[in-house]
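First comes the structure, then the notes that go with it.
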Amino acid sequence: MDNPQPKVQDWEVGWLAGMYDGEGSFMINHHQKRNNGRVYLEPYMMLYNTDIPTLNKAHDVLERMGLAHYVQHTSKSTGYRTAKGQKRVLWQIRIVGFKRCLPALIALTPYLTTRRPQAELLLHWVRGRLAMPINGKLRPPYTDDELALVKRLRAINRGLGSETTRWVPI
């Protein structure tokens, strides 16, 4: 009999969502193909941290949830600079692409708090793009509504959107 991976507990999914709330981001990556000049937009979820045990736990939870992801790090020379000026290696867990982001967004969005508006916009955009028929290898060009959603997500991520409240010390 196979030995299935241990089941993920609700609190672990909540913990992972808390990591994304505090140390993560939900974005749409923009790149252009050299050979045809066509612009491609790609959903992107990133979790950043310098603490290896924390990233190992996040990786473990993602693995047991069956969510495809990449783990990458920067070198100390290009890494994160602490308040004391010390360089630390910055680790990243990346979930990239429509088919990878969709199940991750579905699983994590209900547990998110501060980054929920970004996740909901990204989830809406991903579902919309995946619902479009493919002509050959390509989906149809981006609609004005889709491009407006991309701009709205970028504005929220930059702290310019109406969904974001800036904290002001008392």
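The values are calculated or read from the model by the stated rules, or taken from the named source; none is laboratory data. The structure displayed is predicted, hence computed values, not measured ones. Positions of Cβ are generated from backbone atoms using ideal geometry, with glycine treated the same way; all protein chains shown enter the neighbour counts. These area figures cover heavy atoms from the full protein model, side chains too; ligands, DNA and RNA do not enter into them. Shrake-Rupley method; radii C 1.70, N 1.55, O 1.52, S 1.80 Å.
Of the set (1) under 20 Å from Tyr20 (Cα atoms); (2) open to solvent by less than 60 Å² (accessible area, probe 1.4 Å), all apply to Gln72 but (2).
If the condition is being modelled with pLDDT under 80 and either among the β-branched types (Val, Ile, Thr) or farther than 20 Å from Tyr44 by Cβ (or both), then the range 139-170 contributes Ser162, Thr164, Thr165, Arg166, Trp167, Val168, Pro169, Ile170.
Looking across the range 111-159, just one residue is of a type in the set (Asp, Glu) and farther than 27 Å from Gly37 by Cβ, and that is Glu120.
The requirement of being assigned to a helix (DSSP H, G or I) and either charged (D, E, K, R) or closer than 25 Å to Leu149 by Cβ (or both) is not satisfied by Ala68. Of everything in the range 31-69 that's free of Cβ contacts under 8 Å to residues at least 12 places away in the same chain and open to solvent by 70 Å² or more (accessible area, probe 1.4 Å), which residue is nearest to Arg116 (Cα to Cα)? Looking at residues that are free of Cβ contacts under 8 Å to residues at least 12 places away in the same chain and open to solvent by 70 Å² or more (accessible area, probe 1.4 Å), I get Asn56. Checking each residue in the range 111-125 for being open to solvent by 40 Å² or more (accessible area, probe 1.4 Å) and either charged (D, E, K, R) or free of Cβ contacts under 8 Å to residues at least 60 places away in the same chain (or both) picks out Arg115, Arg116, Glu120, His124. Applying the condition of being surrounded by 22 or more Cβ atoms within 10 Å (Cβ to Cβ) and aliphatic (A, V, I, L, M) to the range 80-104 and asking which residue is nearest to the chain's Cα centre (by Cα) yields Ile95. There is at least one residue in the range 23-42 that is modelled with pLDDT of 90 or more, outside any strand (DSSP E or B) and under 22 Å from the mean Cα position of the chain (by Cα). Selection over the range 89-138 of residues that are at pLDDT 90 or above, in a loop (DSSP other than H, G, I, E, B) and over 16 Å from Val61 (Cβ atoms) gives a count of 4.
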